[in-house]
Amino acid sequence: MNQTYHALALYSGGLDSILAMKTIQDQGLRVLGLHFCSPFFGHPDKIEHWQRTYGLEIHTVDVHQKYIDILRQGPRFGYGKVLNPCVDCKITMLAHAKTLLDQYGARFLISGEVLGQRPMSQRRDTLNLISKQAGVRDLLLRPLCAGHMPPTPVEEEGLVDRSRLHAISGRGRKDQLRLAEAYGLKEIPTPAGGCLLAEQESAKRFWPVLTRIPEPSPHDFALANMARQYWNKNLWIMVGRNKMDNDALERIAQDQDLLFKAVDIQGPLALGRRKPGMDWSEDDIREAALFVAGFTARKRSSGDPAQIRVTTSGQSRILECPPSTNAQSTTGWGDMSWDQARQEKQDWIETHA
Ligand code: SF4
């Protein structure tokens, strides 16, 4: 049987979420932190450390597929600067947390949002929209900026002492650092976001996965986070940058994927994703082998063909390829820049408006 709690908290691991939990705990109430994990954010490996360091109770909540679906359908309330659908994200987390209240015997929800801290998701009108859309208007307490908000039912009935909540607003961290000291936090997390959807470097890897392959899975997004990424229409290969990448690609490859590796000279391992709806013709495989051979061209005497081993479903064969240093332009393979991904995102939004 699950333990019971007074409140469930959205816990990201950032300072604000820690302080929000501490504020309610400090009133003698039991709070359980929910740490949401998707392909784009979440650190389940840190839960133990957080529990020990901050004296909090935290459970993980798996929302991998849910977030892939949000991005595939296009967020209802739009994107932030990169691929971050912050408003939809908050609504999704709160609506999900609401469904867990009964399971944990909890009465209310808390989040570490601070009025005016983020331009998109923490304006007053957006905070109200989020609570309304998530159906948590009477359930959600924001302990860090509660003084700027109307009292919630748990404050009105006296379960939570409103006078011990805070009235923080704006983008600075001074108030939060003062509170961290007051609560005796042994470690202050850095303000970095930690959400890959808000980073161009990661977003340009995710965009083609979202838009070019059928039914992308959490495994596909794990691949998108690795190695160098190249696309040829809707075909996708990842090329290792070093031994660590090569080993990781080999470990994560699924049986039906294609592995390309030069056998006559040292070169990177490349993984071609193959799954239903991503069909590789013989010409596609040869062109990819040629592209992979290009990564070894500088190490060869000119004119020597490269021997590329192609392995799939336990079967290997060797293809001979003339190596070329400009394989990126002579084959259809190329990488995607953030500018390109951003333009495609814009086009997608206009088409689906
Ligand atoms: S930055 Fe990422 S995790 Fe945070 S609210 Fe936005 S989409 Fe969600």
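The values are calculated or read from the model by the stated rules, or taken from the named source; none is laboratory data. Just so we're clear, the structure is a prediction, and the values are computed from it rather than from any experiment. For neighbour counting, all protein chains shown are included, and Cβ atoms are generated from backbone atoms with ideal geometry for every residue, glycine included. For the accessible areas, the whole protein counts, side chains as well, though only heavy atoms, and no ligand, DNA or RNA atoms are used. Shrake-Rupley method; radii C 1.70, N 1.55, O 1.52, S 1.80 Å.
Quotient of the Cα radius of gyration of segment 168-210 and 2.2 N^0.38 Å, N being its number of residues: 1.73.
For segment 127-140, putting each phi into the Karplus relation 6.51 cos²θ - 1.76 cosθ + 1.60 with θ = phi - 60° gives couplings of 4, 5, 4, 4, 4, 5, 5, 7, x, 10, 3, 8, 10, 9 Hz, in residue order, rounded to whole numbers and with x for Gly and Pro. Normalised Debye scattering of segment 199-352 at q = 0.16 Å⁻¹ gives log10 I(q)/I(0) of -0.87, counting only Cα atoms as equal scatterers and leaving out solvent. Helices in the chain, meaning DSSP H runs of at least 4 residues, each add -39500 (n - 2.57). Divided by all residues, the mean residue ellipticity at 222 nm is -10500 deg cm²/dmol.
Against the empirical 2.2 N^0.38 Å (N residues), the chain has a Cα radius of gyration ratio of 1.20.
On a per residue basis, the convex hull of the C-alpha atoms belonging to segment 156-290 measures out at 214 Å³.
Working value for segment 142-195: equivalent-ellipsoid semi-axes of 24, 14, 10 Å, each the square root of 5 times a Cα gyration tensor eigenvalue, largest first.
Seen through its C-alpha gyration tensor, with square-root eigenvalues sorted a ≥ b ≥ c, segment 111-163 comes out oblate because a/c lies at 1.5 or above while a/b is not bigger than b/c.
Residues TRP338, TRP236, sorted by accessible area with the largest first, give TRP338, TRP236 [1.4 Å probe; ligands and nucleic acids excluded]. Only one residue of LEU32, THR99, ALA180 has its Cα farthest out toward the positive end of the dipole of the chain, where Lys and Arg carry +1 and Asp and Glu -1 on Cβ, and that residue is ALA180. For ALA203, what is the net charge nearby, where nearby means another residue's Cβ is under 10 Å from its Cβ and Lys, Arg count +1, Asp, Glu -1? That works out to +3. Across TYR79, TYR67, the residue with the most accessible area heads the list, and the full order at a 1.4 Å probe is TYR79, TYR67.
Shape analysis of segment 7-196 places it in the rounded category; the axes a ≥ b ≥ c from the Cα gyration tensor give an a/c below 1.5. Distant-in-sequence amide contacts of ILE58, defined by a placed amide H-H separation under 5 Å and a gap of 5 or more residues or a different chain, comprise GLY33. Pairwise alpha-carbon distances in segment 264-307 exceed 12 Å for 65% of all pairs. Computed from backbone phi, the HN-Hα couplings of segment 250-265 come to 5, 5, 8, 4, 9, 3, 7, 5, 9, 10, 10, 7, 5, 9, 9, 7 Hz, rounded to whole numbers (Karplus: 6.51 cos²θ - 1.76 cosθ + 1.60, θ = phi - 60°; Gly and Pro given as x).
Using the Cβ of ASP247 as centre and a radius below 14 Å, the other residues enclosed give a net charge of +2, where K and R count +1 and D and E count -1.
For segment 1-64, the share of alpha carbon pairs falling in successive 10 Å distance bins from zero is 21, 56, 21, 1 percent. Each part reduced to its alpha carbon centroid, segment 105-131 and segment 19-33 end up 17 Å apart. Per-residue surface analysis assigns ASP347 an accessible area of about 70 Å², computed on protein heavy atoms at 1.4 Å probe radius. For LEU271, what accessible area in Å² do you get when you roll a 1.4 Å probe over the heavy atoms of the protein chains, rounding to the nearest 10? In the full protein context, LEU271 sits at about 0 Å².
Counted by Cβ distance under 11 Å from SER316, the other residues give a net charge of +3, where Lys and Arg count +1 and Asp and Glu count -1.
Legend: translational diffusion of segment 98-216 by Stokes-Einstein, Rh = Kirkwood radius over C-alpha pairs, 25 °C, 0.890 mPa s; D = 145 µm²/s.
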